[in-house]
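All remarks here apply to the structure that follows.
The values are calculated or read from the model by the stated rules, or taken from the named source; none is laboratory data. Model, not experiment: these values are computed from the prediction. Don't worry about glycine lacking a Cβ; one is built from the backbone with ideal geometry, like all the others, and counts go over all protein chains shown. We work out accessible area using only protein heavy atoms, side chains counted, and drop any ligands, DNA or RNA first. Shrake-Rupley method; radii C 1.70, N 1.55, O 1.52, S 1.80 Å.
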Amino acid sequence: FYAATTLGGLILSAAINIWTLIIALAAAVMVFLYSYRLKRTVLLGNLVVALVTGFAFIYGGTAAKNLVEVYPAAIFAFLTNLIREIIKDAEDVKGDSEIGIRTIATRYGTRTSTWLSIILTFILLFIAWGAYQMGILPIQFLTVCGLTIFPIGVYITYLLITRNGFSEASFGYK
């Protein structure tokens, strides 16, 4: 099933244009490598999942021939998914430790995962503000960020600091 759907996706991507094929092929290779080996590594598996998520926006922009406008969404998707993956690793630390999966949480502890997630959350918020200040994003996007991403980021930071609320934090990023 995996091979058939991947091949079908690559064929459909080739029908759109060469760049969508290249992006789809890169994503397919990354997903395979993630499943084969990378999901058991410190941070590399998290980066691959986040990259593939960000690629969805790049793929759409490439297909629509409007790549410039999708970069902010791709960066946001990448960062929010990276943060969520790190939080999920902290949530799964006990089970991952028992079966020998190496993650940030199993190798360096859930406290490190917590602070890395918080730092990345503030970087995400800083990028939103900076992109608005540089004229990359309109006020409407900043308003949406102010009403959604900022309060969610603050709440998730509160959950992580006060009670190691990894399940709630992961759900919040979802």
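Proximity of backbone amide H atoms, modeled 1.01 Å from N, is registered between Gly165 and Leu160 at under 5 Å, excluding neighbours fewer than 5 places apart on the same chain.
3J(HN,Hα) couplings calculated from phi for segment 99-114 with the Karplus curve 6.51 cos²θ - 1.76 cosθ + 1.60 (θ = phi - 60°) are, in sequence order, 9, x, 7, 9, 10, 4, 5, 6, 8, 10, x, 5, 5, 5, 4, 4 Hz; Gly and Pro show x. Expressed as a whole percent, the accessible surface of the chain that belongs to carbon and sulfur atoms is 71, based on a 1.4 Å probe. The dipole here belongs to segment 1-102: it is taken about the Cα centre, uses +1 on the Cβ of Lys and Arg and -1 on the Cβ of Asp and Glu, and is about 180 debye.
Add +1 for every Lys or Arg and -1 for every Asp or Glu among the other residues with Cβ under 10 Å from the Cβ of Ala50, and state the total. After counting each charged neighbour, the total is 0. Taken per residue, the accessible surface of segment 54-174 reaches 56 Å², heavy atoms only and a 1.4 Å probe. Arg37 label point, 7 Å along Cα→Cβ, cut-off 15 Å on backbone N: hits in segment 1-30? Of the residues in segment 1-30, 29-30 have backbone N under 15 Å from the label point off Arg37. About its Cα centre, the chain has a charge dipole of approximately 240 debye under the convention of +1 per Lys or Arg Cβ and -1 per Asp or Glu Cβ, with nothing else charged.
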